[in-house]
Amino acid sequence: MNALCLSLVLLAVGSPPFAGMYFVDGAAPNASDDNPGSADAPWRTIARAGKAAELQPGDTVRIRSGVYREHIEITVSGTEGAPITFEAEPGGVVVVKGSEIIQGPWTEPAKQPDVKEPFPNAFTGVFQTQLTDDFFTDPRFTASYADPATRWVSQVFVDDRKPLQRIGLDPIYNNDEYEKLTIVGRDISDLSNDSFYFDPATQTLSVKLIGRPEWSLMEVGVRGFTLTAQEVHDVVIRGIDFRHNRQPGGQWPMASISGCDRVIVEDCSFALADFCGLGLGRSRDCVVRRCDLSHNGDTGLGMGECEDCLIEECTLNYNNYRRFSPGWHAGGMKCIPNNKRCTIRHCEAAYNTLSDGIWFDSANEDIRIIENVAHHNGSCGIFYEINPGGGIIAGNLCYANQVRGIYISGSQNTWVVHNTVAGNIAGIVCMPREDPFTLENVQVRNNLLIGNTTAATDINRGCDLTVYMGPSPDTFERTATSNHSDYNVYASMPWTPHLRHHWNPDNTLAEWQERFGEDTHSAQMPVSVAMRGGGFALLSTDGLDIAGPLPEGLPWMPETPGRVGSAITRWPAPWPDAGSGRE
């Protein structure tokens, strides 16, 4: 009787007494979207599950291994504490693709007597096929596809993982005043190995490869999205690989979480997107965890107008293979604008072509960039741009970036603490932008700066620290009085470390202390470090115990409060254990 009463109470308050399990198996002979979704009668598509009216809070959709060429649109919601879960089967490999296979047939223009080459051997190794109308059916492209002359192909892939270089004008990123995308070549005559050209007038796709296309899996991006979830809540997406798409226009991501609450994306990968792998927009309390957001055309992750979202233990490497302008939009992640109280922690952002590792741009507030590793990026490791709402950049390891390790540009109310910044062309740079983007109340404390300068004693470019002191680079008159630096360690290498009060003038640590009264508790000392290949190792921590206290109320505190620099002293390596300031 007591058990019966308890069950009735649970039903009365809306808690599901039983969680359901549904199945998707696209390869099963009896799979059908008209099935009930049981283990013996599974659904055929994940899209069917994403809109399934049968799903209730707490239910799980188990997806069996296979390649699913479809767009998953999730429209169902769970409840707080009882989410609806979409997950790959344990040990399974589920791949969702926005591409279709090119079946051919392929012809060789160089072997056709009626084809005139613009110069000898211009078409050697070039193969052609005509794409049928089946490649131009995504409803999001209806307006463009109505006229065959406006159809386009933005991505062609060889053997799943290798994107080809697009030749000719891009129909979306047409190199306007922002110089968004560098145009490579003009037409078929400019094809080189591993490139393609598409002629919309005839729908002819031309590729130039080492080897024949019949020897490889050839795919072309056809769908704008592989995943969308809009205005839903309490959903978990787990263990799915998303690849390939065709940009529907502008800056759309291949997978989009928009206007959502409490959506968790974990153990997924987002690769080979035309522009951005995964985008979060206008969402709250969402989590992206242990995901790989690498090898995308422009950006691994985008985030805009989000609140209280967490990105953790993700990899954001090798993005911007299409070589977009880093002055516009590119890198491991680009977060713009108006994000609030969002956290990036325990992520690696590396080898992003011509671009930044972690980039927050425009009116972001109370952002926490903590305990990440950013290295070997083509521009900055961490870029914090025109964000008056401030935040904290703490515990990060930034090394071997090709411009700046950490760049605070036109921002206010920002703490840069306990970072290790090594071997970048410049270390930590804090400078204003044009009005009204001033630099105010920026605090640089307890950082370890190692060799952020040109490796020569006769030519000194770059510097360990730049903190804006006033508008004149030629005098030592200080007018910016709210920016401060202290308790930092500057490594003595074979050349003297320098600090700057503007873009170019150098100060030794002693001159900096005397002229501006900053870094009065900082030290200059030898530091032993190894940076080989893609790795980093701090070989000794002797003498680094000069860190000053941080004020109460900061959303992060260091694992070892007395020691300058990051707790991450070696990479690759596991993340620090508990006690490293995790919230």
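Among the residues of segment 480-513, those identified as among the acidic types (Asp, Glu) and either in contact (Cβ under 8 Å) with a residue 60 or more places away in the chain or not in a helix (DSSP H, G or I) (or both) are 486, 506.
Take the conditions (1) out of contact with any strand residue (DSSP E or B) (no Cβ under 6 Å at 6 or more places or on another chain); (2) under 30 Å from residue 259 (Cα atoms); (3) without any contact (Cβ under 8 Å) to a residue 60 or more places away in the chain; residue 37 misses just one of them, which is (1).
Residue 438: farther than 21 Å from residue 470 by Cβ, of a type in the set (Ser, Thr, Tyr) and either surrounded by fewer than 19 Cβ atoms within 10 Å (Cβ to Cβ) or touching a residue at least 12 places away in the same chain (Cβ under 8 Å) (or both), yes or no? Talk me through it step by step, then tell me what you get.
Working: farther than 21 Å from residue 470 by Cβ: no; of a type in the set (Ser, Thr, Tyr): yes; either surrounded by fewer than 19 Cβ atoms within 10 Å (Cβ to Cβ) or touching a residue at least 12 places away in the same chain (Cβ under 8 Å) (or both): yes.
Here the answer is no, as residue 438 does not meet what is asked.
Within segment 239-270, if we keep just the residues that are small (Gly, Ala, Ser) and touching a residue at least 60 places away in the same chain (Cβ under 8 Å), the residue that is surrounded by the most Cβ atoms within 10 Å (Cβ to Cβ) turns out to be 239. Among residues that are closer than 16 Å to residue 466 by Cα and either assigned to a strand (DSSP E or B) or β-branched (Val, Ile, Thr) (or both), residue 541 is not included. If the condition is being in contact (Cβ under 8 Å) with a residue 40 or more places away in the chain and either in a loop (DSSP other than H, G, I, E, B) or hydroxyl-bearing (Ser, Thr, Tyr) (or both), then segment 300-318 contributes only 313.
Filtering segment 399-430 to residues that are surrounded by 24 or more Cβ atoms within 10 Å (Cβ to Cβ), among the small types (Gly, Ala, Ser) and over 20 Å from residue 494 (Cα atoms) leaves 405, 411. Beta carbons closer than 9 Å, at least 6 apart along the sequence or on distinct chains, never pair a first residue in segment 415-429 that is without any contact (Cβ under 8 Å) to a residue 12 or more places away in the chain with a second that is surrounded by fewer than 24 Cβ atoms within 10 Å (Cβ to Cβ) and in a strand (DSSP E or B). Name the single residue, out of those in segment 516-538 being in a strand (DSSP E or B), of a type outside the set (Val, Ile, Thr) and surrounded by 12 or more Cβ atoms within 10 Å (Cβ to Cβ), that is nearest to the chain's Cα centre (by Cα). Among those residues, the one meeting the criterion is 536. Checking each residue in segment 269-290 for being outside any strand (DSSP E or B) and within 30 Å of residue 142 (Cα to Cα) picks out 272, 273, 274, 275, 282, 283. Entry remark, segment 271-293: residues being more than 16 Å from the chain's Cα centre (by Cα) and surrounded by fewer than 24 Cβ atoms within 10 Å (Cβ to Cβ) number 3 in total. The set of residues from segment 228-255 being closer than 25 Å to residue 101 by Cβ and at pLDDT 95 or above comprises 228, 239, 240, 241, 242, 243, 244, 245, 253, 254, 255. The set of residues in segment 230-248 that are under 19 Å from the mean Cα position of the chain (by Cα) and over 21 Å from residue 154 (Cα atoms) comprises 237, 238, 239, 240.
The values are calculated or read from the model by the stated rules, or taken from the named source; none is laboratory data. Since the model is a prediction, treat every value here as computed from it, not as a measurement. Backbone-built Cβ (ideal geometry, glycine too); neighbour counts: all protein chains shown.
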